1. What does the charge dipole of segment 3-283 about its Cα centre add up to, to the nearest 20 debye, if the Cβ of each Lys and Arg holds +1 and the Cβ of each Asp and Glu holds -1?
2. At 0.36 nm per residue, and after removing the present C-alpha to C-alpha distance, how many nm does the segment from residue 148 to residue 34 gain when stretched out fully?
3. Any idea which of 55, 66, 159 is furthest toward the positive side of the dipole for segment 3-283, if Lys and Arg beta-carbons carry +1 and Asp and Glu beta-carbons -1?
4. Hey, any idea what Rg/Rh is for segment 3-283, computing Rh the Kirkwood way over Cα pairs?
5. List, in order, the whole-Hz ³J(HN,Hα) value for each residue of segment 52-60 obtained from phi through the Karplus relation with A = 6.51, B = -1.76, C = 1.60 and θ = phi - 60°; use x for Gly and Pro.
6. Sticking with the crude label model, points 7 Å out along Cα→Cβ, report the distance from residue 69 to residue 9 in nm, one decimal please.
7. For a label point 7 angstrom out from the Cα of residue 196 toward its Cβ, which stretches of segment 12-56 have the backbone nitrogen within less than 16 Å?
8. What FRET efficiency would be calculated for the residue pair residue 266, residue 19, taking the C-beta separation as r and a Förster radius of 41 Å, to the nearest 0.05?
Amino acid sequence: MTASSSSASGVVCMVAAVICFSIMAVFVKLTGPTVPDYEKILIRSAAVIPVLLVMLRRRGLSPWGNRPDLLLARGSLGFLGMWAYFVSITKLPLGNAVLLTHASPIFSALFAARFLHERAGRGVWVAGAVCLLGVALVARPTDHAPLLASSIALLSAVGNGATYTVVRASTRHDHPLVVVLALTAVCAPVTAVMCLLWGWVWPTAEQWWLLAGMTLASVVAQVLMTVGMSRLTTSRATNIFFLGPLLAIAWGQLLGDPALQPLDLLGAALVVGGVLGLASARGRGPTLGRVA
């Protein structure tokens, strides 16, 4: 595969991953707060692990990978980001939650500059400042968006930014399926312990269907994201996630979320503008080339 075709396929994978993640968020929102967030993650992980193990076996791949340290970091950071994401979706309007969590490209670019030596120029810092100003506007305390819930959403952005960087590094050494398995391999035991400590709530029949849809959308999104990340530089891949907030705002309005206020819209514009500015600033820098 040529460099241009690899890059094009990476973009397609990332766009498809964004769509799948937005669908997953809708299912999480519709499931509601009666099913604890750690339980949602456990159900998703328990359903995914057997499928991934079969896929790995058919390809003759070891689930332990070549760099267990990177895989453990990927799983741990991914769990942090996923837990914060699920909590924020439950407690915030969908558009607010997803918009805040999608500030992750800024953190990803900064982490990549520090750990992957992808150059971060002046444009990255300007884009980051614009994005964070937008985050401050969206995260301001309101009746429908308490500060604690918005802070948890921002924690998800930091965790996801670190996760994308580790995914980029991991796919240099291991197959994307092994990297995807690392997330569930950490999530399953951690959330199982949470269920033992804090209790299990049996979902209704309707909630089981919603959880099944959440799981399917999440698995497809994870695989697509990992493949896309392996074919693009970290910042170029993650800036595609600016589509996520736009989809979430549309979904949220369809689901009956409160209408966005003028400051919310201004903040959203600044976040999206900052991420797009990041894409432009990073686009002139050197790339690492294809890694998987």
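A short reminder: the numbers here are calculations on the coordinates, not readings from a lab. As the structure is a prediction and not an experimental result, all values here were calculated from the model. Methodologically, a virtual Cβ is constructed for each residue, glycine included, from the backbone with ideal geometry; neighbour enumeration extends over all protein chains shown.
1. Details: 18 positive and 9 negative charges, 184 e Å.
Roughly 880 debye for segment 3-283.
2. Working: separation 114, 0.36 × 114 = 41.04 nm, distance 1.94 nm.
Taking 0.36 nm per residue and subtracting the Cα distance, the gain is 39.1 nm.
3. Projecting each Cα onto the dipole axis, the largest value belongs to 66.
4. Working: Rg = 17.9 Å, Rh = 18.7 Å.
Value, to two decimals: 0.95.
5. Along segment 52-60, the couplings run 5, 5, 5, 5, 5, 5, 5, 9, x Hz.
6. That separation, rounded to one decimal, is 3.1 nm.
7. Answer for segment 12-56: 39, 42.
8. Calculated transfer efficiency: 0.95.
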